[in-house]
Amino acid sequence: QVQFVESGGGLVQPGGSLRLSCAASGSIFRFYAMGWYRQAPGKQRELVAVITSGGSTNYADSVKGRFTISRDNAKNTVYLQMNSLKPEDTAVYYCYADLPERRYWGQGTQVTVSS
């Protein structure tokens, strides 16, 4: 059974930093792209960042230069380092993995940026 354990969300002041983690069950995930989406209240879910099995990355324009996605295949874990956070980054963040049969999702972790 595919499972993800997300952690690292919370409340942070504008300009602060957080690091999200998403640990996947099973070593199979090292062969596939993984990433993060986010969904703010009343808005559609949007792609934040993606990393391929080979380590290539892509980011939404709104987070370029502030967020960094990385992965540790030995730990079956993908990370999202978020710096210079803004109130508009407030959302539930979901990790995902694109396996051949379908996309799998984590349960989501809340990030709130507020003073």
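Worth a mention:
- The number of residues in segment 60-107 that are open to solvent by 10 Å² or more (accessible area, probe 1.4 Å) and hydrophobic (A, V, I, L, M, F, W, C) comes to 5.
- Residue list for segment 71-88, restricted to those being within 24 Å of ALA24 (Cβ to Cβ) and either of a type in the set (A, V, I, L, M) or touching a strand residue (DSSP E or B) at 6+ places or on another chain (Cβ under 6 Å) (or both): ARG71, ALA74, ASN76, THR77, VAL78, TYR79, LEU80, GLN81, MET82
- Scanning segment 103-112 finds one or more residues that are in contact with a Ser or Thr (Cβ under 8 Å, 6 or more places away or on another chain) and closer than 11 Å to GLU6 by Cα.
The values are calculated or read from the model by the stated rules, or taken from the named source; none is laboratory data. Remember, predicted model here, so these are calculated numbers, not experimental data. Using ideal geometry, Cβ is built from the backbone for each residue, glycine included, and neighbour counts are taken over all protein chains shown. To get the accessible areas, we keep the full protein, side chains included, count just its heavy atoms, and leave off ligands, DNA and RNA. Shrake-Rupley method; radii C 1.70, N 1.55, O 1.52, S 1.80 Å.
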